[in-house]
1. Out of the range 132-154, which residues are exposed (fewer than 13 other Cβ atoms within 10 Å of the Cβ), touching a helix residue (DSSP H, G or I) at 6+ places or on another chain (Cβ under 8 Å) and within 18 Å of residue 60 (Cβ to Cβ)?
2. Do we find that residue 35 is under 21 Å from residue 158 (Cα atoms), surrounded by 24 or more Cβ atoms within 10 Å (Cβ to Cβ) and in the same structural domain as residue 249 (by TED's automatic domain parsing) in this structure?
3. Looking only at residues in the range 152-166 that are more than 13 Å from the ligand (Cβ to nearest atom) and part of a loop (DSSP other than H, G, I, E, B), which one is nearest to residue 68 (Cα to Cα)?
4. Report, by residue number, each residue of the range 23-46 that is assigned to a loop (DSSP other than H, G, I, E, B), at negative phi and within 16 Å of the ligand (Cβ to nearest atom).
5. Do we have any residue at all in the range 167-182 that's part of a helix (DSSP H, G or I) and touching a residue at least 40 places away in the same chain (Cβ under 8 Å)?
6. Does residue 19 satisfy being under 15 Å from residue 173 (Cβ atoms), over 16 Å from the mean Cα position of the chain (by Cα) and outside any helix (DSSP H, G or I)?
7. Tell me, yes or no, whether the range 259-279 has at least one residue that is without any contact (Cβ under 8 Å) to a residue 60 or more places away in the chain and surrounded by 17 or more Cβ atoms within 10 Å (Cβ to Cβ).
8. Name the residue, out of 175, 164, that is under 22 Å from the mean Cα position of the chain (by Cα) and more than 21 Å from residue 240 (Cβ to Cβ).
Ligand SMILES: [Mn+2]
């Protein structure tokens, strides 16, 4: 989402909360419009009346239902104690609030017509469609802004009120990273914050950077608790990763619950962990195709030389024998008979599955 020059330099809005000693907090980040995951996760969490729910940014965009997610969170905040910080995908009030500017308007038009670069309709597009306004290169953007302003006052007010940082007696919540001196936008969008973070006096909870991207050889979406940095990173990659999940992180307990929408089954026979494995991921996914079958192809990861078989539908782009692949691993999960796993997909060579936030393969039988 395009930041304005003002947003690049403005200091972050910090909301300070006095929650009282010992309050239990559930932190959830990066819902990205995946409303069914949010509902599934909250059902699994079974929050108590006294628990505080804090959304750590990126409620919106990329997933199927940004408008529904926003309305659901607004409704939830009428029923229980809910707070949210703004993520780099959330500040859509700017669509209505900013003075007309040809460059900004060109961006909005590209976003609407291109369906958020292929992710699908985001918040503003959903609002316009709900109002029966057609989205096209020739559309009247001023009229579209007026329609959103007229019909979505409460939604826009909710977004306008979001701080960039929430600070309680004991914790800090910020979407990208805690860098107030660098301004609001940097706090919302700081990629790989854990690599540059400095220890802070209070424990800090962040989202934004999918956890799996912090690992090289394994696809691991579990929250990372870094005790040296006093930093917790919780983005399970829901929507962004095919096998991503939505995490809720609990304070002060430092425990978590993850939710993905996949069916579960029980492992019938134990299997050992693969001695070697690799995870080819977004941003480092250039491969050479070595051989091709109907269901799998053999690839060599260009940077590391690592070879593995990947399902053919994981090929994203190709040019001769050079290709890029969607996130994929050849990790064989260590499993015991009776373990419950999420089944991502079935292939002739076994199941792509997940156990406790880690993705991998299981080649045995499953039972309900
Ligand atoms: Mn983000």
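The values are calculated or read from the model by the stated rules, or taken from the named source; none is laboratory data. Note that the structure is a prediction, hence the values are computed from the model and not measured. Glycine gets a Cβ as well: all are built from the backbone with ideal geometry, and neighbour counts include every protein chain shown.
1. Within the range 132-154, just 154 meets the criteria.
2. no
3. Filtering the range 152-166 for residues that are more than 13 Å from the ligand (Cβ to nearest atom) and part of a loop (DSSP other than H, G, I, E, B), the one nearest to residue 68 (Cα to Cα) comes out as 152.
4. Correct list: 29, 31, 34.
5. So far as the range 167-182 goes, yes, one or more of its residues are part of a helix (DSSP H, G or I) and touching a residue at least 40 places away in the same chain (Cβ under 8 Å).
6. It is true that residue 19 is under 15 Å from residue 173 (Cβ atoms), over 16 Å from the mean Cα position of the chain (by Cα) and outside any helix (DSSP H, G or I).
7. No; the residues of the range 259-279 include none that is without any contact (Cβ under 8 Å) to a residue 60 or more places away in the chain and surrounded by 17 or more Cβ atoms within 10 Å (Cβ to Cβ).
8. Result of the check over 175, 164: 164.
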